[in-house]
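Below is one structure; the comments refer to it alone.
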Amino acid sequence: MTTVTRRGGWGGGSSNSINAATAPSASDMIKSSFLKGSVSGGNSSSSSSRRFRSFHLIYVLVLTVLIVSAYSTYLLIVLLKQQPSNVNGTTTSGTGSTNGKVTTQQQQQQQQQHQEQEHVIMVTGGDGVVTSTSGSSTTTTSTNHNIKSTPPHHHNWKALQEAGLVEQGTELILNGDGFNVIQIGAHFGFEPNDPLGAGIKYILDHATSSVQQRKKVRWTFVEPSPSNMRKLSENLIKYGDMCDMRSINAGVVSDSLMESEKTGMVFYSIRDTIDLDTGYDSISGKIIPHWITELSSFDRSNIMKHSFAMEELGLDLNDYVVETVVKVKGFTELVKEAVGDDEDKSEPPHGPLVVMIDTEGLDCKIVNGISASSKYLPKYLVFEISHCDYKPSVEHLKNMGYDIKGPKRGNIVAVKMN
């Protein structure tokens with residue numbers, strides 16, 4: 001029988017004779033040596049590999065824990081920032097509430113809100129009810145329409161705000177007066193890219209506490225396109241409780257245009273087979289960019305500049321342009337009608353607070369034709385310059401006492417300084 005003699009054997013004796021049938025295997029010897037930390041020779045590389053894998057596993061686990069902890073902390077911070085707070089330091093989340101101290105961030109938010117609202121503190125609930133507190137009286141006004149009651153981020157509105165429109169409009173309302181807003185080329189009103197839609201509502205919601213106050217603000221929408229006018233009329237009914245809203249179905253031209261030239265003027269617009277909201281075309285069955293329906297002008301070439309949008313769909317824009325003979329009014333004639341001087345003779349003629357012009361190419365001609373002696377000059381004037389030479393218009397406005405803001409992103413804001 002074969003025997004194996006080993007010094008310093010498994011039991012620790014000086015020597016042992018071990019039967020080959022019961023001798024430990026090579027793998028058992030390696031495992032034992034690894035546990036004792038005494039593997040040598042050819043077994044050292046195997047031990048190093050095992051240690052490396054162990055350290056790598058520990059490193060991955062620690063890194064995973066750190067990443068999960070960091071992300072959890074980030075989510076907690078975001079949730080805390082989103083929790084609304086009132087002036088009493090009560091933080092509300094969902095249906096429950098937890099009382100605590102007002103943080104520095106909350107105090108800054110409250111101070112900013114107070115500065116924006118000036119004399120009036122407004123609290124708007126999810127049901128569309130605005131509560132106005134001024135002095136010792138509190139009044140609730142229903143404003144159930146889905147236009148945001150927050151300052152819009154449109155660059156035109158920001159320019160108007162910086163020029164003092166919000167402050168002046170609010171002051172007029174709080175003093176018991178009203179003001180006029182005129183939107184020339186209104187399309188169908190209250191569109192996402194409309195700077196006046198959310199802006200004027202913001203003033204009304206933060207300065208009015210009764211229906212009577214709201215009705216002292218008159219907002220006139222001017223639109224020559226028959227198809228757009230139908231949709232505009234629906235929107236005026238939908239948002240009619242916002243203020244005194246009116247519409248005029250006519251085109252607007254320069255005051256310098258002779259009466260004979262105003263007769264039989266052709267207006268170009270997009271046919272009404274395209275849904276104004278979704279862009280679905282009932283003829284081709286395709287979805288067309290909805291802004292195509294906003295294209296309208298007395299100059300057909302201004303519409304055809306956008307033919308690329310239809311060509312990408314395999315369509316010809318020429319097939320969608322319709323010609324309509326429309327009624328037109330000079331700028332001063334239109335403003336006089338919009339502010340109501342034909343109805344009320346008790347007050348002297350006065351201009352509107354703000355006029356916005358968007359007529360796809362005719363803007364500069366309208367501005368150039370405004371008479372310097374007109375009694376209906378607006379305090380704030382916004383007009384588009386993308387399709388016209390605006391430099392003569394700027395000089396004309398400066399000569400009439402306007403300060404020019406812009407041009408910026410294809411528009412100019414002018415403010416009457418005297």
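Of all residues being among the polar types (S, T, N, Q) and within 13 Å of I184 (Cβ to Cβ) in the stretch 323-363, which is modelled with the highest pLDDT? Just the residue, please.
Step one: filter the stretch 323-363 for residues among the polar types (S, T, N, Q), giving 324, 332, 346, 359.
If we keep only those that are within 13 Å of I184 (Cβ to Cβ) as well, we get 332, 359.
Numbers: T332: 91, T359: 87.
For the stretch 323-363, the residue satisfying everything is T332.
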Selection over the stretch 168-216 where residues are at negative phi and within 24 Å of the chain's Cα centre (by Cα) yields a count of 27
Could you grab me the full set of residues in the stretch 394-412 that are outside any strand (DSSP E or B) and either under 18 Å from W157 (Cβ atoms) or not β-branched (V, I, T) (or both)? E395, H396, L397, K398, N399, M400, G401, R409, G410
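Is it true that K215 is at pLDDT 90 or above, among the charged types (D, E, K, R) and more than 24 Å from K416 (Cβ to Cβ)? Before you say what the answer is, go through the steps one by one.
On the way: at pLDDT 90 or above: yes; among the charged types (D, E, K, R): yes; more than 24 Å from K416 (Cβ to Cβ): yes.
So K215 fits the description; yes.
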Within the stretch 381-418, considering residues that are modelled with pLDDT under 95 and aromatic (F, W, Y), the one nearest to D194 (Cα to Cα): F383
Is it the case, given these coordinates, that S307 is over 22 Å from P192 (Cβ atoms), open to solvent by less than 40 Å² (accessible area, probe 1.4 Å) and among the polar types (S, T, N, Q)? yes
Among the listed residues N228, N249, N193, which satisfies the condition of being surrounded by fewer than 14 Cβ atoms within 10 Å (Cβ to Cβ), closer than 26 Å to V413 by Cα and not aliphatic (A, V, I, L, M)? N193
Out of the residues in the stretch 373-411 that are acidic (D, E) and within 30 Å of the chain's Cα centre (by Cα), state the one that is surrounded by the fewest Cβ atoms within 10 Å (Cβ to Cβ). D389
Report every pair of residues separated by at least 6 positions or lying on different chains whose Cβ atoms are under 6 Å apart, first residue within the stretch 358-377 and over 16 Å from N302 (Cα atoms), second β-branched (V, I, T) and open to solvent by 20 Å² or more (accessible area, probe 1.4 Å). S374/T332; Y376/T332
Given the conditions (1) under 31 Å from the mean Cα position of the chain (by Cα); (2) closer than 29 Å to S374 by Cβ, every one holds for E312 apart from (2)
Output the qualifying pairs, or none if there are none: Cβ atoms under 7 angstrom, residues six or more apart or on different chains, first residue in the stretch 242-257 and closer than 18 Å to Y376 by Cα, second residue modelled with pLDDT under 90 and of a type in the set (K, R). V253/K262
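Can we say A338 is surrounded by fewer than 19 Cβ atoms within 10 Å (Cβ to Cβ) and of a type in the set (A, V, I, L, M)?
On the way: surrounded by fewer than 19 Cβ atoms within 10 Å (Cβ to Cβ): no; of a type in the set (A, V, I, L, M): yes.
No: the conditions fail for A338.
Just to be sure I understand, how many residues within the stretch 258-274 are touching a residue at least 12 places away in the same chain (Cβ under 8 Å) and either open to solvent by 50 Å² or more (accessible area, probe 1.4 Å) or touching a Ser or Thr at 6+ places or on another chain (Cβ under 8 Å) (or both)? Show your work before the answer.
Let us first name the residues in the stretch 258-274 that are touching a residue at least 12 places away in the same chain (Cβ under 8 Å), namely 262, 264-274.
Now drop any that are not either open to solvent by 50 Å² or more (accessible area, probe 1.4 Å) or touching a Ser or Thr at 6+ places or on another chain (Cβ under 8 Å) (or both), which leaves 266-274.
Summing the residues that are touching a residue at least 12 places away in the same chain (Cβ under 8 Å) and either open to solvent by 50 Å² or more (accessible area, probe 1.4 Å) or touching a Ser or Thr at 6+ places or on another chain (Cβ under 8 Å) (or both) in the stretch 258-274 gives 9.
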Filtering the stretch 293-303 for residues that are surrounded by fewer than 19 Cβ atoms within 10 Å (Cβ to Cβ) and in contact with a strand residue (DSSP E or B) (Cβ under 8 Å, 6 or more places away or on another chain) leaves a count of 2
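The values are calculated or read from the model by the stated rules, or taken from the named source; none is laboratory data. Note that the coordinates shown come from a computational prediction; the quantities given were computed from them, not determined experimentally. Cβ sites come from the backbone with ideal geometry, for glycine too, and all protein chains shown count toward neighbours. For the accessible areas, the whole protein counts, side chains as well, though only heavy atoms, and no ligand, DNA or RNA atoms are used. Shrake-Rupley method; radii C 1.70, N 1.55, O 1.52, S 1.80 Å.
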